[in-house]
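A.B. asks: Structure below; questions to follow.
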Amino acid sequence: MLKVNEIFKSIQGESSYMGLPCVFVRLTGCNLRCRYCDTEYAFYEGREMSIEAIVAAVDAHQTRLVEITGGEPLLQREVYGLMDALLRKSYTVLLETGGSLPIRDVPAPVIKIMDLKCPGSGEADKNHYDNLNALGPNDEVKFVILDRADYEWSRDAIRRYTIDRKARILFSPVFDKLSLKTLAEWILHDGLPVRLQTQLHKFIWDKNAIGV
C-alpha cells in the first residue's frame, strides 16, 4: 500500500517533457522543508491505495506519460513496485525526487528528475551527492534558483561535479522571486549547458491551483 495525496491529469509543467499531457501520482510525505515549497499540502494528507488501484487510476486517464512525485516519493518503499508495474504496462515513467535519498535502486528505464537543493532552499546540506554517479543520459538534474547566490552555487556545482557529462540540467527560478529574464541573462553570459525552464502550469492556471 502507498499513501497517495492525489492523482490527476494535466500538462507537464516542468522538465524536458514540459507541455506534454501527463498523469501525476503525488505521494504523501516529505523529509525536506524547502523555504519556497509549493506543495506543503502533500506533507501529511492522503489515502492508502494499492499499487493495482493506482495503476487503474492512471489507466483511466489514457495518457502514456506518468510522473511519480511528492512530497518525496522515495520515502515509501512500495514506490519501487509501482514504478515496475507502470513500466510493465509500457508507460514512460518520470520520477521527481528531491535528491536527499539514494536513487540507485530506481529502475533504469525510469527517467529521474532529481533536485540539487540550492542554499536558498535551506536544505542544501541534505543533498546526496553520490546520486550524481547513478544518473544516466536521459535523467535530469534540476536547480531551483532563488537569487544570484543560488545561481553562482549552481554554476560552480555543475563545474565541480561535471554534471553536464552525466545528465541533462534544468535551471528553474523560484516562482515570483526571480525573473526568467534575469536568469536567462546569467545563463547566456556564462554560456552554461543548461535548459532554462519555468513552472508552466502556474502560467496556465493560478499559481496556487491544486490538481493541475
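The values are calculated or read from the model by the stated rules, or taken from the named source; none is laboratory data. Everything numeric here is computed off the predicted structure, so don't read it as measured data. Cβ atoms come from the backbone with ideal geometry, glycine included; neighbour counts cover every protein chain shown.
A.B. asks: Looking at Ser179, is it of a type in the set (Ser, Thr, Tyr), surrounded by 16 or more Cβ atoms within 10 Å (Cβ to Cβ) and under 21 Å from Arg35 (Cα atoms)?
C.D. replies: Working: of a type in the set (Ser, Thr, Tyr): yes; surrounded by 16 or more Cβ atoms within 10 Å (Cβ to Cβ): no; under 21 Å from Arg35 (Cα atoms): yes.
Spelling it out, it is not the case that Ser179 is of a type in the set (Ser, Thr, Tyr), surrounded by 16 or more Cβ atoms within 10 Å (Cβ to Cβ) and under 21 Å from Arg35 (Cα atoms).
A.B. asks: Could you figure out which of (1) under 25 Å from Tyr44 (Cβ atoms); (2) touching a Leu at 6+ places or on another chain (Cβ under 8 Å); (3) assigned to a loop (DSSP other than H, G, I, E, B); (4) not aliphatic (A, V, I, L, M) isn't true of Lys142?
C.D. replies: (3)
A.B. asks: Go through (1) in contact with a Lys or Arg (Cβ under 6 Å, 6 or more places away or on another chain); (2) at pLDDT below 95; (3) of a type in the set (Gly, Ala, Ser) and name the single condition Gly46 misses.
C.D. replies: Against the list (1) in contact with a Lys or Arg (Cβ under 6 Å, 6 or more places away or on another chain); (2) at pLDDT below 95; (3) of a type in the set (Gly, Ala, Ser), Gly46 comes up short only on (2).
A.B. asks: Please find, within segment 35-81, the residue that is nearest to the chain's Cα centre (by Cα) out of those that are under 26 Å from Gly122 (Cα atoms), surrounded by 13 or more Cβ atoms within 10 Å (Cβ to Cβ) and hydroxyl-bearing (Ser, Thr, Tyr).
C.D. replies: Of everything passing the filter in segment 35-81, Thr69 is nearest to the chain's Cα centre (by Cα).
A.B. asks: Note down all Cβ pairs under 9 Å where the first residue falls in segment 121-150 and is in contact (Cβ under 8 Å) with a residue 12 or more places away in the chain and under 14 Å from Asp105 (Cα atoms), the second is of a type in the set (Phe, Trp, Tyr) and in a helix (DSSP H, G or I), and they're at least six residues apart or on different chains.
C.D. replies: As it stands, the answer is Leu132/Tyr161, since those pairs meet every condition given.
A.B. asks: While we're here: Tell me, yes or no, whether segment 183-198 has at least one residue that is touching a strand residue (DSSP E or B) at 6+ places or on another chain (Cβ under 8 Å), among the small types (Gly, Ala, Ser) and modelled with pLDDT of 90 or more.
C.D. replies: Restricting attention to segment 183-198, the residues satisfying the condition of being touching a strand residue (DSSP E or B) at 6+ places or on another chain (Cβ under 8 Å) are 183-184, 187, 192-198.
Next cut, among the small types (Gly, Ala, Ser) only: 184.
Narrowing the set further to residues that are modelled with pLDDT of 90 or more leaves 184.
So far as segment 183-198 goes, yes, one or more of its residues are touching a strand residue (DSSP E or B) at 6+ places or on another chain (Cβ under 8 Å), among the small types (Gly, Ala, Ser) and modelled with pLDDT of 90 or more.
A.B. asks: Only one residue in Leu170, Leu192, Leu178 is in contact (Cβ under 8 Å) with a residue 60 or more places away in the chain and outside any helix (DSSP H, G or I), so which one is that?
C.D. replies: Working: Leu192 fails: in contact (Cβ under 8 Å) with a residue 60 or more places away in the chain; Leu178 fails: in contact (Cβ under 8 Å) with a residue 60 or more places away in the chain.
Among Leu170, Leu192, Leu178, only Leu170 is in contact (Cβ under 8 Å) with a residue 60 or more places away in the chain and outside any helix (DSSP H, G or I).
A.B. asks: Sticking with this structure for a sec: Please go through segment 124-140 and give me each residue that is under 19 Å from Arg33 (Cα atoms) and of a type outside the set (Asp, Glu), ordered by number.
C.D. replies: The first filter runs over segment 124-140 and keeps only residues under 19 Å from Arg33 (Cα atoms), leaving 124-129.
Within segment 124-140, Ala124, Lys126, Asn127, His128, Tyr129 qualify.
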